[in-house]
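**Student:** Okay, here's the structure, questions in a sec.
The values are calculated or read from the model by the stated rules, or taken from the named source; none is laboratory data. All values reported here derive from a predicted model rather than from experimental measurement. Virtual Cβ from ideal backbone geometry, glycine too; neighbours counted across all protein chains shown.
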Amino acid sequence: MLKKLFISILLFIFISINLFAQDKNIPDYSTTPRKDVPVELTWKIDDLYPSYEAWQKDKEDLVTLASQVDTKKIGWTDSPQKMLEMFEFNDAVFLKGDKLFNYASNQSNVDLSNSQYNVMKGELQSIFVNLGSKFTFFKDDILKMNKDKLNEFFKKEPKLEAYRFSIESILLLKDHILPQDQENIMSLTGLMTSTPSQAANFLRDVDIPSPEITLNNGTKVTLNTANYLRYRGTNNASDRTLVMTTFYNNLFNYKNTFAALLDGAMKQQLFSAKARNYKDCLEAKLFSDNIDESIYTTLIKNVHENLEPLQRYMKLKKELLGLDVYKYDDIYASAVQSVSKKYTYDEAVNLVLEAVKPLGDDYVTNLKKGFNNRWVDIYPNKDKQSGAYSSGVYGVHPFVKMNFNGDYESVTTLAHELGHSMHSYYSNSNQNYTNSQYPIFLAEIASTFNENLLTEYMVKNEKDDLFKLYLLDKFLDQARGTIYRQALFAEFELEMHKKVEEGKTLTADYLNKLYLDLTKQYYGDDKGIVRVDDYIQSEWSYIPHFYMNYYVFQYSTGMISSMALSQAVLQGTPGAREKYLGMLKAGGSNYPMELLKNAGVDLNKSEAYTNAFKRFDNLVSQMEEIVAKLKKEGKL
């Protein structure tokens, strides 16, 4: 970013680089073949299968189990014992499939050039399609039973109680599950439902020619998606503008194709909703989780009522960046760009362990178990997939893919992914397989909860004010992207769904105007806080999540919930820790809103939102206090 800063600021920051940069020996295996990476730095994949031969044997066993379905389903609802047997059989089948897939997928993701793993995933895909078709009887048969008979079964066979929620979830969908022959037809639509999304991805990331730009230092850059992400937060403001405007103006040239693809995706979703007797796409998305549609509009309403903290943060970033005009081009720039600090992996582990201590000894002990027993695949290697994730495997343990490079973002990513892992660990340890799979609506709470704890710990224990400023800026930017940005996306998605549900077609002009107007509103363009130029009207075409049918709002509700829950724990609210851990242990044994209420957050009420936005606002105030202090000391 180009900062119009005083010479004193530049000198201070350049001095700070030397103060913060530390000679840390961060291993570099980025060009090392997977087989040559020291085994102690990789996840213990042997805990899934010790060899390819063991995997093959289990795959053959899965095929054998699949061949038994037609026999086992005969009369399975005639007695409570037969019903229990079927549920346990169902668990055994899909647990085995889960293990098989995780092995092939995890192995593939750390060694993308090894085609064997793709072959293995392909073999599983055909098996899973066959299993899906064989189990179509399941819901239909339960719906044919009356409640009196089911209640009698629960009384006669206590072990069936573990499957009560699964059965009740199916009964909830009674008016939306079609006769089996129609369900078979609906399942065939899966062959084409992903086509608009896939086409948009290919168009955006492969087929559209990438323009070439020249940065201020003379570097020529082919502006593909990867380089856009790399350079949009660069230190030079004119380079940021060049990157952002060039990238989105290039997408603008294909606006009609993107609009047609998005229109097709929305109409597919509408077809599915109407075919299953839902009044609209939003109800179709939320109904199975027993979530009222008001939760969606409540989120948008509360975000609109709390735009001031976001806009205060934007004003502060403008000051720190030394800009006369703060533009949308600048939102990805760090307010404290030149601070650099490296952490070894062991240091990162210790920071995470210290940060989560408010969750108690049991949580810390189990997290240490993960570090000591190689749950984590640590460093990049040749042909390893980028990014990070956590994948919990019932009866084994979570597997965490990292690409640790020593920067602070790697530390926060480790905390984030281990939050997911501990959710899986506690859920798997306390629930049967069916109830262990927590709903997507809750998925981002445990991960961002840990990031909240890490930020609190780091800020509390950091002595250097400039680095403390950097830490706060990093967290607030993440909160901006997770709460406000995703709420903007959610509002955009709601409006375009409504347009299609009115029988109208999504056009590029409509989508461009809708997106531009919302962005200006959120970022305070009319107040002179962030100038939002017209080029950003094309940003909707860059967002793949719009094809995922009301998915993005859960990022926002997840972080709002985690901020409220983590503050309650940090403040020592009686019972807060136990309630939160109870939610982790509950897995998917109840509807997500009920699990969240039990943990202490009711998203139907304004309190959770108020707490989250108050926390955001307080962190902005902390940044302002540090800036004032540094100015008083003559360092800013």
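**Student:** Limited to segment 599-636, what total is found for residues that are part of a loop (DSSP other than H, G, I, E, B), exposed (fewer than 15 other Cβ atoms within 10 Å of the Cβ) and touching a residue at least 12 places away in the same chain (Cβ under 8 Å)?
**Tutor:** 2
**Student:** Taking residue 404 as meeting all but one of (1) under 13 Å from residue 348 (Cα atoms); (2) in a helix (DSSP H, G or I), write down the number of the exception.
**Tutor:** Answer for residue 404: the failing condition is (2).
**Student:** Going through 208, 185 one at a time, which residue ends up being of a type in the set (A, V, I, L, M) and over 25 Å from residue 540 (Cα atoms)?
**Tutor:** 185
**Student:** How many of the residues making up segment 38-70 are within 33 Å of the chain's Cα centre (by Cα) and within 16 Å of residue 103 (Cα to Cα)?
**Tutor:** Matching residues across segment 38-70 total 17.
**Student:** Something else now. List the helices (runs of 4 or more DSSP H) inside segment 115-157, counting only whole elements, that have at least 3 residues being out of contact with any Phe, Trp or Tyr (no Cβ under 7 Å at 6 or more places or on another chain), at negative phi and not assigned by TED's automatic domain parsing to the domain that holds residue 61.
**Tutor:** none
**Student:** Return only the number of the condition from (1) closer than 14 Å to residue 452 by Cβ; (2) at pLDDT below 95; (3) among the hydrophobic types (A, V, I, L, M, F, W, C) that residue 548 does not satisfy.
**Tutor:** Result: residue 548 passes all but (1).
**Student:** Same structure, new question: Within segment 193-233, how many residues turn out to be in contact with a helix residue (DSSP H, G or I) (Cβ under 6 Å, 6 or more places away or on another chain) and hydroxyl-bearing (Ser, Thr, Tyr)?
**Tutor:** Number satisfying all stated conditions: 5.
**Student:** I've got another one for you. Test residue 406 against the stated conditions and say whether it is surrounded by fewer than 18 Cβ atoms within 10 Å (Cβ to Cβ), closer than 24 Å to residue 481 by Cα and touching a residue at least 12 places away in the same chain (Cβ under 8 Å).
**Tutor:** Details: surrounded by fewer than 18 Cβ atoms within 10 Å (Cβ to Cβ): no; closer than 24 Å to residue 481 by Cα: yes; touching a residue at least 12 places away in the same chain (Cβ under 8 Å): yes.
In short, no.
**Student:** How many residues are hydroxyl-bearing (Ser, Thr, Tyr), assigned to a helix (DSSP H, G or I) and loosely packed, with under 13 Cβ neighbours inside 10 Å if we restrict to segment 187-228?
**Tutor:** Summing the residues that are hydroxyl-bearing (Ser, Thr, Tyr), assigned to a helix (DSSP H, G or I) and loosely packed, with under 13 Cβ neighbours inside 10 Å in segment 187-228 gives 1.
**Student:** Suppose we filter 277, 250, 235 for residues that are farther than 23 Å from residue 486 by Cα, in a helix (DSSP H, G or I) and out of contact with any Phe, Trp or Tyr (no Cβ under 9 Å at 6 or more places or on another chain); which single one remains? Before you say what the answer is, go through the steps one by one.
**Tutor:** On the way: 277 fails: in a helix (DSSP H, G or I); 235 fails: in a helix (DSSP H, G or I).
Residue meeting the stated conditions: 250.
**Student:** Sort through 503, 481 and tell me the only one that's of a type outside the set (D, E, K, R), outside any loop (DSSP other than H, G, I, E, B) and without any contact (Cβ under 8 Å) to a residue 24 or more places away in the chain.
**Tutor:** Just a single option satisfies the conditions, and that option is 481.
**Student:** How many residues does segment 83-97 hold that are of a type outside the set (A, V, I, L, M, F, W, C) and under 14 Å from residue 132 (Cβ atoms)?
**Tutor:** 2
**Student:** Count, please, the residues in segment 7-51 that happen to be in a helix (DSSP H, G or I) and at pLDDT 95 or above.
**Tutor:** Final tally of qualifying residues: 9.
**Student:** Another question, then. Give 453, 494, 476, 466 a once-over and let me know the one that is at pLDDT 95 or above and either surrounded by fewer than 22 Cβ atoms within 10 Å (Cβ to Cβ) or under 14 Å from residue 557 (Cβ atoms) (or both).
**Tutor:** 494
Yes/no per residue for (1) out of contact with any Asp or Glu (no Cβ under 8 Å at 6 or more places or on another chain); (2) of a type outside the set (Val, Ile, Thr); (3) in a loop (DSSP other than H, G, I, E, B); (4) without any contact (Cβ under 8 Å) to a residue 24 or more places away in the chain:
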site	(1), (2), (3), (4)
302	yes, yes, no, no
310	yes, yes, no, no
316	no, yes, no, no
324	yes, yes, yes, no
333	yes, yes, yes, no
336	no, no, yes, no
346	yes, yes, no, yes
351	yes, yes, no, no
354	yes, yes, no, no
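**Student:** Considering every residue within segment 510-524, establish whether at least one is assigned to a helix (DSSP H, G or I) and modelled with pLDDT under 95.
**Tutor:** No, segment 510-524 contains no residue that is assigned to a helix (DSSP H, G or I) and modelled with pLDDT under 95.
**Student:** Please work out which one of (1) crowded, with 18+ Cβ neighbours inside 10 Å; (2) in contact (Cβ under 8 Å) with a residue 60 or more places away in the chain; (3) not basic (Lys, Arg) is the condition residue 231 fails and give its number.
**Tutor:** All conditions are met except number (2).
**Student:** Now, a different point. If I ask for residues that are at pLDDT 95 or above and of a type in the set (Phe, Trp, Tyr), which ones from segment 585-612 would you list?
**Tutor:** 591
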